[in-house]
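A.B. asks: Below: one structure in structure tokens.
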Amino acid sequence: MPTHARDRLLDTAERLFYADGIRSVGIERILAESGVGRASLYRHFPGKDDLVVAVLQRRDEAWREWLRSSVERLAPLPADRPLAVFDALAERFARADFRGCAFINTIVETADPASPAHAVADAHKRAVIGYVDGLLTEAGRHRPGLAAQLVMLMDGAIVTAVREHTPDAARLARATAAALLGP
């Protein structure tokens, strides 16, 4: 059952890292809560950094799929999708388990840009910019740098939602994005 053990480690680590932070969660806690033995952990992940990277890579795929499907559900028409990212975020912010963005949290915790975890988090943010750029292109609203501006609004809304414990930040960011998009 090695794959099952790997999945349990990833599930447990993801939950704990998101809830409590990467640095504050030790290997002992992950082992205890996952029910996986130390030998299995090290067979799958040579060290905690490797586990962190695997968690982030898996979360990146899941988060971007969540965003894509949410945007398509909320805005069937491509013209409406650039702003629908903020509607999707508002839904996310309203969840009881919302603790911000795992990738922003990782960048803050692992401030060293040479860190593998920092690199995965940075790649995620660049992929989100690429996704938003695609939405803008499909909507006929592409302008150089606009996707990066919208993602900056998304990131600011995420941090504000954590601070204020309300989805209102997404609505404010959406209004600002609408002004950037223009008529």
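The values are calculated or read from the model by the stated rules, or taken from the named source; none is laboratory data. Just so it is clear, the model here is predicted, and its values are computed rather than measured. Ideal geometry is used to build each Cβ from the backbone, glycine not excepted, and the neighbour counts take in all protein chains shown. Side chains are part of the model used for accessible areas, which takes the heavy atoms of the whole protein and leaves out ligands, DNA and RNA. Shrake-Rupley method; radii C 1.70, N 1.55, O 1.52, S 1.80 Å.
A.B. asks: Would you confirm, using the coordinates I've provided, whether Val71 is more than 22 Å from Glu138 (Cβ to Cβ), modelled with pLDDT of 95 or more and touching a helix residue (DSSP H, G or I) at 6+ places or on another chain (Cβ under 8 Å)?
C.D. replies: So Val71 does not fit the description; no.
A.B. asks: Does the range 21-49 hold any residues that are in a helix (DSSP H, G or I) and touching a residue at least 60 places away in the same chain (Cβ under 8 Å), and which are they?
C.D. replies: Asp49, the sole residue that qualifies.
A.B. asks: Filter the range 18-53 down to residues that are under 19 Å from Ile104 (Cβ atoms) and among the small types (Gly, Ala, Ser) and give me whichever is most open to solvent (accessible area, probe 1.4 Å).
C.D. replies: Residue satisfying both the conditions and the ranking: Ser24.
A.B. asks: Would you tally the residues in the range 138-148 being surrounded by fewer than 16 Cβ atoms within 10 Å (Cβ to Cβ), free of Cβ contacts under 8 Å to residues at least 60 places away in the same chain and either in contact with a helix residue (DSSP H, G or I) (Cβ under 9 Å, 6 or more places away or on another chain) or among the acidic types (Asp, Glu) (or both)?
C.D. replies: Result for the range 138-148: 3.
A.B. asks: Report whether or not Arg58 is in contact with a Leu (Cβ under 7 Å, 6 or more places away or on another chain), open to solvent by 50 Å² or more (accessible area, probe 1.4 Å) and in a helix (DSSP H, G or I).
C.D. replies: Criteria met by Arg58.
Yes/no per residue for (1) modelled with pLDDT under 95; (2) over 24 Å from Glu91 (Cα atoms); (3) over 12 Å from the mean Cα position of the chain (by Cα):
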| site | (1), (2), (3) |
| --- | --- |
| Cys101 | no, no, no |
| Pro113 | yes, yes, yes |
| His124 | no, no, no |
| Val132 | no, no, yes |
| Thr137 | no, yes, yes |
| Arg141 | no, yes, yes |
| Gln149 | no, no, yes |
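A.B. asks: Which of the residues belonging to the range 1-49 are more than 25 Å from Asp97 (Cβ to Cβ) and either among the hydroxyl-bearing types (Ser, Thr, Tyr) or in contact with a strand residue (DSSP E or B) (Cβ under 9 Å, 6 or more places away or on another chain) (or both)?
C.D. replies: Thr3, Ser40, Tyr42
A.B. asks: I would also like to ask the following. If you go through the range 109-128, how many residues are open to solvent by 60 Å² or more (accessible area, probe 1.4 Å) and not small (Gly, Ala, Ser)?
C.D. replies: The number of residues fulfilling the criteria is 4.
A.B. asks: Tally up the residues in the range 79-89 that are open to solvent by 50 Å² or more (accessible area, probe 1.4 Å) and not acidic (Asp, Glu), please.
C.D. replies: The qualifying residues number 1.
A.B. asks: Let me confirm something: among Arg73, Arg99, Arg95, which residue is open to solvent by 70 Å² or more (accessible area, probe 1.4 Å), of a type outside the set (A, V, I, L, M, F, W, C) and touching a residue at least 24 places away in the same chain (Cβ under 8 Å)?
C.D. replies: After ruling out the rest, the residue left standing is Arg99.
A.B. asks: Do we find a residue being of a type in the set (Lys, Arg), part of a helix (DSSP H, G or I) and closer than 28 Å to Asp133 by Cβ anywhere in the range 9-17?
C.D. replies: No: the range 9-17 contains no residue that is of a type in the set (Lys, Arg), part of a helix (DSSP H, G or I) and closer than 28 Å to Asp133 by Cβ.
A.B. asks: Now for a separate question. Which residues, counting only those in the range 105-134, are hydroxyl-bearing (Ser, Thr, Tyr) and part of a loop (DSSP other than H, G, I, E, B)?
C.D. replies: Thr110, Ser115
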